[in-house]
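The values are calculated or read from the model by the stated rules, or taken from the named source; none is laboratory data. Computed from a predicted model, the values in this text were never measured in an experiment. Cβ: placed from backbone, ideal geometry, glycine included. Neighbour counts: every protein chain shown.
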Amino acid sequence: MNEQERHKKKAQKQKEKVDASVAKAQIERGIVLVITGNGKGKSTSGFGTVTRCIGHGYKAAVVQFIKGKWDCGERNLLEQNGVPFAVMGTGFTWDTQDRAADIAAATEVWQEGKKFLADPQYHVVLLDEMTYMLGYDYLDKQEVLDAIKNRPENQSVIITGRGAIRELRDMADTVSEIKDEKHAFKAGIKARQGVDW
Ligand code: ATP
Ligand code: MG
């Protein structure tokens, strides 16, 4: 067998394997997707999926649990395309350390999140930076897990943020842990509009 034949045989085997696993996946339902870890790319992945979703004509909704210092490029675009955003208003910043105010703000925006999670018109619901709300006990863990679990069957939920709690990882169908190998910021490069927010 020459090099080309060997390659062809290997590729054929690989294709058979892939075809078999594609044939095996027959369940049709929405999924829970957790994107966690310390590397860059969690929120951008979540927003990418929302874009993918509305590009196919489905509806999506977004809850942002931590409002950054900067305006969010994705929000500017997606709101123009009919995607509702619930954004944690006052309260939460990393600096205030006012726990009561943070809890009040988290609880308020969670009421919006709960509505999205109960509404079958939304094909995808993005809960951006929600991991912290559970990690710090700002929200009732069981209530959040139940709302996700009891969502409409065809709805998918994406949860982003570092340090996802074990219960969230356990209930998820897909968990991606994004590893921080290096980040420009650590080399002194400023966060860039259009890239970092
Ligand atoms: P992105 O929004 O770019 O997908 P992310 O959601 O994975 O990032 P967060 O932890 O939410 O990351 O951080 C938000 C901001 O911090 C972004 O501007 C991002 O570029 C920056 N950032 C993300 N990871 C790191 C890192 N490992 N070191 C320094 N800055 C980071
Ligand atoms: Mg993020």
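Annotations
- Sole exception among (1) at pLDDT below 95; (2) within 13 Å of ligand 2 (Cβ to nearest atom) for Glu3, by number: (2)
- Remark: Ile31 falls outside the filter, which requires a residue to be under 20 Å from Leu139 (Cα atoms) and touching a strand residue (DSSP E or B) at 6+ places or on another chain (Cβ under 7 Å).
- Residue within the range 61-71 that is modelled with pLDDT of 95 or more, more than 13 Å from ligand 2 (Cβ to nearest atom) and of a type outside the set (Val, Ile, Thr) present: yes
- Restricted to the range 153-164, and to residues there that are more than 15 Å from ligand 2 (Cβ to nearest atom) and surrounded by 15 or more Cβ atoms within 10 Å (Cβ to Cβ), the residue that is farthest from Ala25 (Cα to Cα) is Val157.
- Flag if Glu181 is surrounded by fewer than 21 Cβ atoms within 10 Å (Cβ to Cβ), touching a Lys or Arg at 6+ places or on another chain (Cβ under 6 Å) and of a type outside the set (Phe, Trp, Tyr): no
- Inter-residue pairs, beta-carbon under 6 Å, first crowded, with 20+ Cβ neighbours inside 10 Å and in the range 133-149, second aliphatic (A, V, I, L, M) and assigned to a loop (DSSP other than H, G, I, E, B), 6+ apart: Met133/Leu139; Leu134/Ile165
- First in the range 170-197 and more than 30 Å from Leu145 (Cβ to Cβ) and of a type in the set (A, V, I, L, M, F, W, C), second anywhere and assigned to a loop (DSSP other than H, G, I, E, B) and near ligand 1 (Cβ under 9 Å from one of its atoms), Cβ under 7 Å, 6 or more apart: Phe185/Ala191; Ala191/Trp197
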